[in-house]
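*Asks:* Take a look at the following structure, please.
The values are calculated or read from the model by the stated rules, or taken from the named source; none is laboratory data. Just so it is clear, the structure is predicted and the values come from calculations on it, not from any experiment. So basically every Cβ, Gly included, is an ideal-geometry build from the backbone, and we count neighbours across all protein chains shown.
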Amino acid sequence: MHFDFAAIMLSVLLISGVIWVFDLLGAGRKRWALFKKVESEQREPSDNEEELLKEPIIVDYARSIFSVILIVFIVRSFIFEPFRIPSGSMMPTLVNGDFILVNKFDYGIRIPVIDKKLIDLGTPNRGDVVVFRYPKEPHIDYIKRVVGLPGDEIHYEDKRLYVNGEQVKLDAEGIYPGWSDSNEMKGARVFKESLGEIEHGILLDGRQRSQLDTFKVPVGEYFVMGDNRDHSNDSRFWGFVPDENLVGRAFFIWMNFSSFGRVGSSIQ
């Protein structure tokens, strides 16, 4: 079962807000009037007045919940959102278990829940690591690297990437030692790839066959690939990412319980 966390937060925000507002306009006004009356008479409230001055527990909870959820909702919807990496498709840049932060405003301000762009602040650069809603199942979030921009021609042959007819620079870095106790991807070859101004690592698995494909990126869409090139379900297999599916740019690793040395790393 899929849970839309943004929709759940919005529902809680609206319910708690309605409870709080109704109290302010009704019983809350009466409590305030009684409080001012007792204060003006410079006396202690009677036992009956003490009971009337007490704020109902449900209103107290609603007011507290509304304040907290409002802050979380604003930050999560418009500024930063946390995600957890669930697979090894972005190794060696990101590994299974990384908790990352995603910048939500780099690519525009969007209306929460319906994800309609309200203010256009920019578009992805080639090489950006982006979180997006998987086009075939929009309730699932994916993370990949932007390889092709609108209008680009992407060619992949013999495990080499070509953008608009030019081979992307690739420098050998050695052999990957493996990740975690499972030694995931141990023995794969590590390369440094240069996409625009961004240099980043990729893995190539010599045990996997190469591909031969050419793609023309449509207007308003992006071609994405995982850094673990031979073990990534990406645009080579299911197509392009529409601009409206973008969630934000991944930029920071804030936790990994298997490797505290990764904590605080920026994402290139």
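*Asks:* What's the number of the condition residue 237 fails, among (1) among the hydrophobic types (A, V, I, L, M, F, W, C); (2) without any contact (Cβ under 8 Å) to a residue 60 or more places away in the chain; (3) crowded, with 16+ Cβ neighbours inside 10 Å; (4) under 30 Å from residue 113 (Cβ atoms)?
*Replies:* It fails just one condition, (3).
*Asks:* Only residues that are in contact (Cβ under 8 Å) with a residue 40 or more places away in the chain and more than 28 Å from the chain's Cα centre (by Cα): list them for the stretch 157-187, please.
*Replies:* Of everything in the stretch 157-187, those that are in contact (Cβ under 8 Å) with a residue 40 or more places away in the chain and more than 28 Å from the chain's Cα centre (by Cα) turn out to be 157, 158, 159.
*Asks:* Determine which single condition residue 54 fails, assuming it passes every other condition in (1) among the basic types (Lys, Arg); (2) within 29 Å of residue 29 (Cα to Cα); (3) surrounded by 16 or more Cβ atoms within 10 Å (Cβ to Cβ).
*Replies:* Failed condition: (3).
*Asks:* Return yes when residue 46 is among the polar types (S, T, N, Q) and within 30 Å of residue 181 (Cβ to Cβ) and no when it is not. Outline the logic, then answer.
*Replies:* On the way: among the polar types (S, T, N, Q): yes; within 30 Å of residue 181 (Cβ to Cβ): no.
No.
*Asks:* Taking residue 100 and the conditions (1) assigned by TED's automatic domain parsing to the domain that holds residue 250; (2) in contact with a Gly (Cβ under 7 Å, 6 or more places away or on another chain); (3) hydrophobic (A, V, I, L, M, F, W, C), which numbered condition does it fall short on, given that it satisfies the others?
*Replies:* Tallying (1) assigned by TED's automatic domain parsing to the domain that holds residue 250; (2) in contact with a Gly (Cβ under 7 Å, 6 or more places away or on another chain); (3) hydrophobic (A, V, I, L, M, F, W, C), residue 100 fails exactly one: (2).
*Asks:* Another question about this same structure. Is it the case that the stretch 124-141 has a residue that's among the small types (Gly, Ala, Ser) and modelled with pLDDT under 90? Walk me through it before giving the result.
*Replies:* The initial filter retains those residues of the stretch 124-141 that are among the small types (Gly, Ala, Ser), namely 127.
If we keep only those that are modelled with pLDDT under 90 as well, we get none.
Within the stretch 124-141 (the criterion being among the small types (Gly, Ala, Ser) and modelled with pLDDT under 90), the answer is no, since none of the residues qualifies.
*Asks:* Looking only at strands (runs of 3 or more DSSP E) that fall completely inside the stretch 58-124, which ones have 1 or more residues that are within 22 Å of residue 233 (Cα to Cα) and charged (D, E, K, R)? Please lay out each step first, then the result.
*Replies:* Values: elements: 80-84, 99-103, 109-111, 116-119.
Where strands (runs of 3 or more DSSP E) fall fully within the stretch 58-124 and carry at least 1 residues being within 22 Å of residue 233 (Cα to Cα) and charged (D, E, K, R), they are 80-84.
*Asks:* If you don't mind, another one. If you scan the stretch 16-60, which residues turn out to be free of Cβ contacts under 8 Å to residues at least 24 places away in the same chain and either among the β-branched types (Val, Ile, Thr) or assigned by TED's automatic domain parsing to the domain that holds residue 111 (or both)?
*Replies:* Taking the stretch 16-60 first, the residues free of Cβ contacts under 8 Å to residues at least 24 places away in the same chain are 18, 21-22, 24-26, 29-30, 32-54, 57, 60.
If the condition is that a residue be free of Cβ contacts under 8 Å to residues at least 24 places away in the same chain and either among the β-branched types (Val, Ile, Thr) or assigned by TED's automatic domain parsing to the domain that holds residue 111 (or both), then 18, 21, 38, 57 are the ones that fit.
Residue-wise test of (1) surrounded by 17 or more Cβ atoms within 10 Å (Cβ to Cβ); (2) at pLDDT 95 or above; (3) more than 14 Å from residue 89 (Cβ to Cβ).
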residue	(1), (2), (3)
151	no, yes, yes
154	yes, yes, yes
161	yes, yes, yes
195	yes, no, yes
219	no, yes, yes
244	no, no, yes
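*Asks:* Then there is this: Let me confirm something: among 195, 212, which residue is within 27 Å of the chain's Cα centre (by Cα), touching a residue at least 24 places away in the same chain (Cβ under 8 Å) and under 28 Å from residue 135 (Cβ atoms)? Walk me through it before giving the result.
*Replies:* Details: 212 fails: within 27 Å of the chain's Cα centre (by Cα).
Matching residue, one of 195, 212: 195.
*Asks:* Here is a list of conditions, (1) crowded, with 18+ Cβ neighbours inside 10 Å; (2) in the same structural domain as residue 172 (by TED's automatic domain parsing), and residue 121 meets all of them except one; can you say which number that is?
*Replies:* Checking residue 121 against (1) crowded, with 18+ Cβ neighbours inside 10 Å; (2) in the same structural domain as residue 172 (by TED's automatic domain parsing), the one that fails is (1).
*Asks:* I need the full set of residues from the stretch 21-49 which are surrounded by 10 or more Cβ atoms within 10 Å (Cβ to Cβ) and either within 31 Å of the chain's Cα centre (by Cα) or outside any helix (DSSP H, G or I) (or both), in order please.
*Replies:* 26, 43, 45, 46
*Asks:* Take the stretch 251-268 and flag every residue that is assigned to a loop (DSSP other than H, G, I, E, B) and either in contact with a helix residue (DSSP H, G or I) (Cβ under 6 Å, 6 or more places away or on another chain) or at positive phi (or both). Write out each step before concluding.
*Replies:* First, pick out the residues of the stretch 251-268 that are assigned to a loop (DSSP other than H, G, I, E, B): 256-259, 263-265, 267-268.
Residues satisfying the conditions are 256, 264.
*Asks:* Considering only residues that are among the charged types (D, E, K, R) and under 30 Å from residue 103 (Cβ atoms), which ones fall in the stretch 40-80? Steps first, answer last, please.
*Replies:* Quick first cut of the stretch 40-80, residues among the charged types (D, E, K, R) only: 41, 43-44, 47, 49-51, 54-55, 60, 63, 76.
Passing the criteria: only 76.
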